[in-house]
Each structure stands twice: as C-alpha cells, then as structure tokens.
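Derivation of every value follows stated rules applied to the coordinates shown; laboratory data play no part. If you're wondering where the values come from, they're calculated on a predicted model, not measured in any experiment. With ideal geometry, Cβ positions are generated from the backbone for all residues, glycine too; neighbour counts draw on all protein chains shown.
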Amino acid sequence: MRFSSGLMAVLIASHTAPGLAATFTNPGFETGDFSGWTLFTNPGGLLGSEAFPGTLGDPVFPRPPKPATPAVLSFDVDGDGSASFAAAFDAGKEALGAGPGGGGLFQAFTTGAGTLALALDIATWVPLFTNGDAGSVRLLVNGTELDAHHFGEVNTGFPGATGGAIVRNTLAGTIALSAGVHELRIAVERPYTNSTDTPLQYVDDLSAQFSPVPLPAAGWLIGAALLGLAPRLRRHAGATGESGNQT
Ligand SMILES: [Ca+2]
Ligand SMILES: [Ca+2]
C-alpha cells in the first residue's frame with residue numbers, strides 16, 4: 001500500500017515537530033561556570049569550602065592543595081584520560097546533626113510528551129586519608145529520583161600511599177513526561193562537616209535522549225488523512241474491478 005503524500009507529510013511531522021526534544025543549558029559545564037544552573041543548599045548544608053594551598057611534602061601538615069568549591073573546574077570525571085570542565089563540590093554540613101547535608105544544582109527544561117533518558121558522570125576525589133563517606137549523588141526529575149550512588153568509604157591506601165584516590169560512577173535513568181516545563185535536579189550530599197581532608201564530588205556530561213510519543217492531535221490528523229484516503233481507495237478498487245463491499 002502506498003501512502004498518499006498528505007498522509008506521509010503528517011507522519012513525518014509527528015516525528016519532527018519542533019519543541020519535542022529535551023534541551024539542557026550547559027550540560028557539560030563547558031562555559032567554565034554554572035551558566036544555566038541554579039545552586040541550592042539543604043538546611044544546614046554546605047556545597048563547598050575555601051581553597052587550601054596545601055603542600056603534600058610539608059613536614060608539619062602534609063596535605064595536597066585543595067581548590068575552592070563550589071566551582072567549575074577541569075577534571076576527568078568519566079576517566080577517559082581527557083579532562084574537561086566539571087561541577088565540583090565539597091558537600092558537607094556546618095555542624096553535625098540531622099539532614100543530608102550538601103545541596104546541589106537544578107535547571108528547568110521543556111519537552112513534549114514522551115520518555116526522557118538521562119545519564120550523568122560522577123566522581124569523587126579523596127585528597128589523602130581514607131574517608132568513611134565520600135558522599136552521594138542523586139539524579140531527579142520533577143522530584144522523582146531516577147538514580148543515585150553512594151560512594152561510601154573510599155580507601156586511599158594511606159599511609160602507605162599519599163596520592164589520594166578517585167572513584168567514578170555513572171547515574172542513568174528514564175522517566176515518562178507530559179508536555180510542559182520540568183525540573184532536573186542533581187543532589188550532592190554528605191552528612192558530615194567539611195575540612196581540608198574531606199572529599200570533593202564532581203558531576204559532568206549530562207546527556208539526554210528524548211523519545212516523543214505521537215501527540216493526540218497528530219493521531220486525529222492521521223485519522224482524518226485515512227478518512228480522506230478511503231474514498232480514493234474505494235474508487236481505485238472499483239476501477240480495477242476488485243471485489244469487496246462497497247457501501
Ligand atoms: Ca565537561
Ligand atoms: Ca573525560
């Protein structure tokens with residue numbers, strides 16, 4: 001069966017209509033800053049700490065230098081050997097107590113109706129000492145958690161090793177969305193206080209794949225096109241002598 005040109009146009013339009021893709025601003029932090037993102041802190045939480053100009057060879061207080069956070073810094077979050085700009089945090093708390101600590105970042109985005117698949121690279125850098133909890137990162141859309149990872153204890157091998165440790169992971173998940181404005185949120189949490197020895201958390205390379213569902217309006221158009229096609233098919237069947245019920 002050949003589709004009429006009108007029906008084919010409707011079918012194509014239902015898959016390429018503008019506004020159906022999910023577009024994020026600065027998903028890989030390649031602007032070198034937090035453009036497009038809004039930072040937030042949980043009650044009593046901290047997102048970062050001041051820079052510490054450490055010296056690992058210092059005989060009194062041996063520590064590696066630690067950058068100020070929150071910040072967008074060059075870091076190889078996915079471990080492919082190539083560093084790029086990434087969001088860096090020293091998630092923690094002002095004082096020990098209830099609550100997740102830290103905070104994170106969010107941005108609004110718009111889609112049509114469909115399914116959104118997201119992926120995000122995450123990492124933690126533990127400067128020197130083995131740390132009992134390097135923090136957690138959670139990926140949420142409209143408040144629904146798509147995926148989460150708790151780095152937990154990271155053993156740096158200290159004192160036998162003084163190079164610290166980097167641990168990497170990836171968050172991924174899918175969610176069905178109705179047409180409209182949505183919120184993507186990345187929570188970076190750690191329920192302990194910050195110090196020159198606490199781990200940094202990095203996030204980078206947010207990637208999105210959006211699969212639109214045919215819109216109801218498009219369905220009506222397709223139905224209307226098929227109705228328009230029916231008389232032509234009947235005429236065609238009649239002209240070639242094919243049998244069939246023709247009411
Ligand atoms: Ca990047
Ligand atoms: Ca990389």
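Observations on the structure shown:
- Here the 3J(HN,Hα) profile of the stretch 155-169, calculated from phi with Karplus coefficients 6.51, -1.76 and 1.60 at θ = phi - 60°, is 8, 8, x, 5, x, x, 10, 10, x, x, 8, 10, 10, 10, 7 Hz, Gly and Pro shown as x.
- Here the label points at Q209 and A113, each 7 Å from Cα along the C-beta direction, are separated by 2.3 nm in the simple model.
- Summing Lys and Arg as +1 and Asp and Glu as -1 over all other residues whose Cβ lies under 13 Å from the Cβ of F129 gives a net charge of -1.
- In order along the stretch 186-202, the phi-based Karplus estimate (6.51 cos²θ - 1.76 cosθ + 1.60, θ = phi - 60°) of 3J(HN,Hα) comes to 10, 8, 10, 10, 6, x, 9, 6, 8, 7, 5, 9, 7, x, 9, 10, 10 Hz; Gly and Pro are listed as x.
- One chain, two ends: A83 and T38. Fully extended at 0.36 nm per residue, the span grows by 13.9 nm beyond their Cα-Cα distance.
- In order along the stretch 77-86, the phi-based Karplus estimate (6.51 cos²θ - 1.76 cosθ + 1.60, θ = phi - 60°) of 3J(HN,Hα) comes to 5, 8, x, 8, x, 10, 7, 8, 4, 8 Hz; Gly and Pro are listed as x.
- Distance (nanometres) between label positions extended 7 Å along Cα→Cβ at T144 and A68: 4.0
- Distance between modelled label sites at S195 and A95, nm, 7 Å Cα→Cβ extension: 1.8
- Placing a label point 7 Å from the Cα of F24 along the Cα-to-Cβ direction, the residues of the stretch 152-190 whose backbone N falls under 11 Å of that point are 171-173, 184-187.
- Counting charges near T55 (Lys, Arg +1; Asp, Glu -1) among other residues having Cβ under 15 Å from its Cβ returns a value of 0.
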